[in-house]
Every structure is written in C-alpha cells, then in structure tokens.
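The values are calculated or read from the model by the stated rules, or taken from the named source; none is laboratory data. Since the structure is predicted, the reported quantities are computational estimates derived from the model, not experimental observations. All Cβ positions, even for glycine, are placed from backbone atoms using ideal geometry, and neighbour counts span all protein chains on display.
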Amino acid sequence: MAVETVIILAAGDGTRMKSEQAKVLHTVAGRSLLGHVLAAVDHLKPAQTRVVVGADRESVQEHIAQIAPSAITIVQERRGGTGHAVQLALSGEAFRGTTLVLAGDTPMLTGQSLAAFLEAHINGKFSASVLTTEHPDPTGYGRIIRDDNGELSRIVEERDASDDERFICEINSGVYAFDSVKLAGSIGEITDTNSQKELYLTDVIGILKRKGESIAAVMIDDFTEILGVNDRVQLAESAALLRDRINDKWMREGVTIIDPTTTWIDITAKLSHDVTIHPGSTIMGTTTIAKGAVIGPRTTLKDCVVKQGASVLESIAINSVIGMSATVGPFTYLRDGTVLGDSTKAGAFVEIKNTTVGTGSKVPHLSYVGDATIGEGSNIGAATIFVNYDGENKHHTTIGDHVRIGSDTMLVAPVAIGDGAYTAAGSVITEDVPAGAIGVGRAKQRNVIDWVLRKRAGSKSAQAAEARKKKG
Ligand code: UD1
Ligand code: CA
C-alpha cells in the first residue's frame, strides 16, 4: 500500500521523562524510541519521511542523520501542539496521495500493523482514519467518541473530557492516515480552545467529520503495540514488552532461552538455532551468535561475533570475535578488538584487549593481554601480564606458534617471542626471545640457611623448623 508522506512528531519536550536528553532518544531494546518508529515506517517504503523536531534539536537531528539519512527534519521552535507540528510539516508543500502521521514515542508499533492500517484506510477510500484500541487503563490518552451509529465523530483529550467520556476505553493511538489534500485543507481550521491552549491534531478529525467526510476508526487488538512512552515507568514497561516479543521470536526460531524474564536481547542482534542462553544475559548491539553456542549465565555481549559451538560463561565481551568452539570465562573481560581463534580459551580472571589469539592457543588464568598477536597452539601461563603501556604509549607484543609463556611472566612491550620458545616462570622479559630459546629474566635464587631460627626465634615457624631438624 503506497504512502506518499509520513510525518513523525518528535518535537515534544518530554517533560514527564525529567531528562536532559530528548525523550525520543531514550532507548529500549538497543534502539532509540524514534529509531523503532523509523524502522516500522521503513517497512512501508514511503516516498518521503518528515520528522518534526524541537526539544534537544541538534542531538535529535544528528541521530536522524545517522539512522535515516533520507528523512527530512522540520524544526518546531515553539511547541504549539501536535496540530501545530503537522501544520509546519505541511507548509509550503503540494501534497498528494496519503499522509500517515504518527508520534516518535511509540516503540512497540510494528511495520505490519502500520501496513494493515494503511490498507484499511486506502481500500475504504476514507478521508481520514485513526488507529484505535481498547485499553484496560485509558488514563492519559485521547478518547474515541462515536455517534449513535457507532461511527467515529471526534477525539477528546483526557483533560478536556467529561466524566462520562473518561469512562470510554477506546483510545486514540496517535496514528492517523489522511487524504493529503483534505488534511492540508483542514489543518488551518483548528483552534487552541482547549485546556492546554495548544493546537490539537486530533481536532482535524471532528472538523473533517462536520464537513461530511468519511472517517474510519481502525481498531487494533493488541493494545501494547500503541503504548506511548511519556515517562520512565512507561519506558520500562515498553522495554519489558519488547524483550518478551524479541525472546518469543528467537525461541520460535530454535533458540533455547532458559529464563526469558532475565534475558535481554537487542532488536539488532542475530541468533542461530540451537543457541542456548542462560539466565541474566544481555545480548547487545550488532552481536551475532552462531548455532550451538552457549551463552551465560550472567554474560553481556556487545557488538560481538560468536562462532559455532563457542561458550561464554559469566563474562563480558565488547566488539570481539569468539572463534568456533572457543571457551570464555568464567569472569573474563574481552575488550575492543579481541579476536579469539577457533578452539581457543580465555579463562577465569583474564582481560584481553586489541589482540588476536591464534587457533588452539590458551590464556587460561589471571592474565592481562593487551595489544598483542599470539600465534597458534601457544599457552600463556597463569598470571602473565602483557606490559603494553610505558606511561605514554602503547606497544605491541608478538608471540609465535607453540610458545610456552611461564607463569607470572611480565612481557614488556615492544617484545617478540619466537616460534616454539619458552619463558621461565616469573621472568620479566624485556628483550626478544628467539625461536626455540628459553628466556630467563629473573634473579638467581639463594637460600639463607637458618634465617628463621635466628630472626624469628620462638615463632611457630621456628618451632616447626626445629622439630623437623630434630627428626633429621
Ligand atoms: C497524543 C494525542 C492523544 C493520543 C496520544 C497517543 C493529541 C492532542 N493527543 O497525546 O489523543 O491518545 O498522543 O499516544 O495529539 N509533539 C510535537 N510538537 C508539539 C507537541 C507534541 O512534535 O508541539 C510530538 C511529541 O514529541 C510526541 C507526539 O507529538 O511524540 C505526541 O505528543 P504528546 O505530548 O506525547 O501527546 P499525548 O499527550 O501523548
Ligand atoms: Ca505521547
């Protein structure tokens, strides 16, 4: 169903959010409220999209330029109401066909529902259609007033409604389709004779009705789809509803989610069948997870690629690649630019940054690995630190294939360890170690005989040592 123009109203101050950030930039499921609306609208492939911006204008415009560069922004300097916003969006343009108007604060709305609504509007040849729903708690919404024949006659805002009208549960979703010419012909007639002294777009419906135009109220069954976010309570409500919607979708596509109430998957993430997600996990951004991978419990992945059969337990990974059958965790922190090859291991209390780990290599325990390239089949001993920062600059460490780094080695970068080389446990390695060599960088051990007996005479240690000596 073709729609020529989509107008998204996003200039409001969002006063009820009590935020320094524009309301439409707040996010749920990894996307801004406005981003969700733009994604639903994109499904309709409109000839043009116009977004009315005002509050926190620069940030909103910058955001739109990033996520929907073809959209036109229109500035509403003074918030004169939803009708005023549409007047501005229409001014100076010769509109044709159908215009869809909706708000930038309804993240639950789907492209499918918008398409079905448009189809009803266009097939019915109506001058205007309003998407409505029966809401169990209509408080705050505009109410749909129907005449004796059951036809839509006007919309009344909560604060302008009579006590009787407030009992009506059918509400205005804030989504409208208009014959563009008829909208343009009536939008100038609205007045601000209401409790807020604003120009209400909703009044256009009553005006068109009085002109004898055909108006439709198209009811949608699922009232959650039209949930408008006006405050942080509704922000959390819509986030939870979207979480459930996203989880349901992935479960139907073959993902096992052990506890859907504590699993938060951004709308932009992609999962394959036979992935298992344990409780308390958050899958963010552009993360993709291949089949057979096991994630969680209590794991956060942001902008990561997790390959087939990998497992990530109780860990955090950001902008990292986790190779096929690799194991990560528990308590591992993979930072920006970590690339773990196939069958690798990053174990407990290991932090890795800007590092490539070759096939089959392991960093099993208590290490920091930064700015490094590790070859294949190498083992980084427990508590090894890649000393990459000299206080001013970061330096690179190169580790070859089948290297054995002894426990508690300090690799002071820039430094290179050749193929098949070893380092002795506890070494501070400041010079390159050639292939096949062992690098030993520590003081030779000496034992001071009977030191404890002399310096700690009478202590439990001294007594234990004396008893041992007596036994011979
Ligand atoms: C509006 C409707 C109400 C409907 C509800 C659905 C009106 C008068 N009322 O009420 O019938 O039930 O949506 O969620 O339209 N905006 C501007 N410029 C302005 C004022 C608002 O761009 O001058 C934008 C806001 O940013 C927002 C949208 O229009 O995205 C709706 O405004 P809001 O103040 O949230 O209206 P509601 O009180 O929710
Ligand atoms: Ca609203």
Filter pass, Ser153 being more than 16 Å from ligand 2 (Cβ to nearest atom), closer than 15 Å to Gly83 by Cα, surrounded by 15 or more Cβ atoms within 10 Å (Cβ to Cβ) and not basic (Lys, Arg): no
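Kindly evaluate Ile122 against the criterion of being at negative phi and free of Cβ contacts under 8 Å to residues at least 60 places away in the same chain.
On the way: at negative phi: yes; free of Cβ contacts under 8 Å to residues at least 60 places away in the same chain: no.
No.
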Condition broken by Ile405, with the remaining ones in (1) in contact (Cβ under 8 Å) with a residue 12 or more places away in the chain; (2) outside the structural domain of Ala348 (by TED's automatic domain parsing) satisfied: (2)
Filtered residues of segment 21-44 (kept if in a loop (DSSP other than H, G, I, E, B) and in contact (Cβ under 8 Å) with a residue 40 or more places away in the chain): His26, Ala29, Gly30, His43, Leu44
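Restricting attention to segment 285-299, which residues are under 11 Å from Thr263 (Cα atoms) and surrounded by fewer than 21 Cβ atoms within 10 Å (Cβ to Cβ)?
So the first thing to find is which residues in segment 285-299 are under 11 Å from Thr263 (Cα atoms), and the list is 295-299.
Answer for segment 285-299, where residues must be under 11 Å from Thr263 (Cα atoms) and surrounded by fewer than 21 Cβ atoms within 10 Å (Cβ to Cβ): Pro297, Arg298.
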Among residues of segment 109-150, those that are within 11 Å of ligand 1 (Cβ to nearest atom) and hydrophobic (A, V, I, L, M, F, W, C), counted: 4
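Could you tell me how many of the residues in segment 232-267 are small (Gly, Ala, Ser), more than 23 Å from Val24 (Cβ to Cβ) and surrounded by 15 or more Cβ atoms within 10 Å (Cβ to Cβ)? Give the derivation first.
The first filter runs over segment 232-267 and keeps only residues small (Gly, Ala, Ser), leaving 236, 238-240, 254.
Checking which are more than 23 Å from Val24 (Cβ to Cβ) leaves us with 254.
The next check asks that each one be surrounded by 15 or more Cβ atoms within 10 Å (Cβ to Cβ); those that pass are none.
Selection size over segment 232-267: 0.
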Selection status of Arg442, basic (Lys, Arg) and assigned to a loop (DSSP other than H, G, I, E, B): yes
Scope segment 70-97; condition polar (S, T, N, Q), near ligand 1 (Cβ under 9 Å from one of its atoms) and touching a helix residue (DSSP H, G or I) at 6+ places or on another chain (Cβ under 8 Å); matching residues: Gln76
Selected residue (criterion: surrounded by the fewest Cβ atoms within 10 Å (Cβ to Cβ)) from residues of segment 428-470 that are among the acidic types (Asp, Glu) and under 30 Å from Ile399 (Cβ atoms): Glu431
Residues that are over 16 Å from Glu4 (Cα atoms) and more than 22 Å from the chain's Cα centre (by Cα), drawn from segment 32-57: Val52, Val53, Gly54, Ala55, Arg57
